[in-house]
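Data first, discussion second: the structure below is written as structure tokens.
The values are calculated or read from the model by the stated rules, or taken from the named source; none is laboratory data. Source: prediction; values computed, not measured. Glycine gets a Cβ as well: all are built from the backbone with ideal geometry, and neighbour counts include every protein chain shown.
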Amino acid sequence: MMTIEEMRERKEELMYTSAVIAEKSGVPLSTVQKILSGATARPRRATMEALELVLKKPSYHYEYSPDTGKAVCVEEEAQAYRPESGNIRSGAKPVDSWFGLEPSERWPRQGEYTIEDYYAVPDDVRVELIDGVIYDMGAPSNEHQRILSNMFLEFNRCIEEHGRQCEVLFAPCNVKLDRDNRTVVQPDLLVVCHDNRNESENDNDERKGLVGVPELVAEILSSSTRIKDCTVKLRKYMNAGVKEYWIIDPDSERVLVYVFEDDVLPTQYSFEDTIPVGLSKGKCSIDFGRIKEKWYRFRGLEISKFI
């Protein structure tokens, strides 16, 4: 029987919320929360067994083989597949689809993955690698892409008007933040200023993306990325040395702008504001009202004129 501490650790490893555990186990949400918080001193054995069925590690797992283009089911005792060796133990049985698997089945070695594993994932499976952990990324929505495309135009216009040796890039674009083999992220939008970089930083492999830290990064929130963008990636960008981080929330029509050199707390703007770009020292700003107007126009919605 798993201990409560083991269940907590496994919950974090699987990135499950208490609500997800309640749904999968059939245990009421309030009971799950009380047990995992330690508030229930002596939980019933049947309840603990139900939670363990959700949280226990499987006796097998699935790993992707670039040779076959499929996931394979590997017994725990067998040697795990490593892309650099191409070694899958005989007897591993292929499964028909990579999709539909639980996160623990797709990524059983969370915290141990490297860039070699990341590049072995097929191009049509969108993931990010952060400190050895692989995060699934769903396909962006049309709303997301409309906002992103108009942000790109606004940032590009800003750079051209002020003659900086910078360029604006957008996802999918691999960014090897830490110059190690454990992190590759795909920001929605990033600004790279080459006049601030030395020769080695500019020497990037175009196929594998950018090596180093962008000056500015922007992420557009969605239901599947909200928690990661506001916590894991916020800490990662700040610690890696990103100077400015924009978080765009289409649901609330708000933009949070972190300028890490000035403060760890963000400044909040609405989709009707003109937002200064901190990197430009006030010379450049992004008219989010114009972005919102275009976004709404193609959604078929009416909006009032902005003053």
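Structure notes:
- Exclusive hit being in contact (Cβ under 8 Å) with a residue 12 or more places away in the chain, farther than 22 Å from Asp136 by Cβ and basic (Lys, Arg), set Lys228, Lys281, Lys292: Lys292
- Within region 201-281, strands (runs of 3 or more DSSP E) holding 2 or more residues that are more than 19 Å from Val191 (Cβ to Cβ): 267-270
- Picking from residues in region 134-147 that are of a type in the set (A, V, I, L, M, F, W, C) and crowded, with 19+ Cβ neighbours inside 10 Å, the one that is nearest to Leu177 (Cα to Cα) is Ile134.
- Filtered by the rule that a residue be assigned to a loop (DSSP other than H, G, I, E, B) and either in contact with a Ser or Thr (Cβ under 8 Å, 6 or more places away or on another chain) or without any contact (Cβ under 8 Å) to a residue 24 or more places away in the chain (or both), region 112-143 gives Glu112, Asp123, Asp124, Asp131, Gly132, Met137, Gly138, Ala139, Pro140, Ser141.
- Identity of the residue in region 282-307, of a type in the set (D, E, K, R) and at pLDDT 80 or above, that ends up farthest from Tyr245 (Cα to Cα): Arg297
- Qualifying positions in region 1-17 - surrounded by 18 or more Cβ atoms within 10 Å (Cβ to Cβ) and not hydrophobic (A, V, I, L, M, F, W, C): Arg10, Lys11, Tyr16
- Restricting attention to region 31-48, the residues that are at pLDDT 85 or above and assigned to a helix (DSSP H, G or I) add up to 10.
- Of all the residues in region 9-27, those that are among the β-branched types (Val, Ile, Thr) and either more than 19 Å from Asp136 (Cα to Cα) or touching a Leu at 6+ places or on another chain (Cβ under 8 Å) (or both) number 2.
- If you filter region 259-286 down to residues that are β-branched (Val, Ile, Thr) and more than 13 Å from Glu154 (Cβ to Cβ), you find that the one that is surrounded by the fewest Cβ atoms within 10 Å (Cβ to Cβ) is Val264.
- Test: residue in region 217-232 that is crowded, with 22+ Cβ neighbours inside 10 Å, in contact with a Pro (Cβ under 9 Å, 6 or more places away or on another chain) and at pLDDT below 95: no
- Scanning region 243-258 for residues that are in contact (Cβ under 8 Å) with a residue 60 or more places away in the chain and buried (at least 21 other Cβ atoms within 10 Å of the Cβ) yields a total of 1.
- Selection within region 235-261 - more than 18 Å from Gly212 (Cα to Cα) and of a type in the set (Lys, Arg): Arg254
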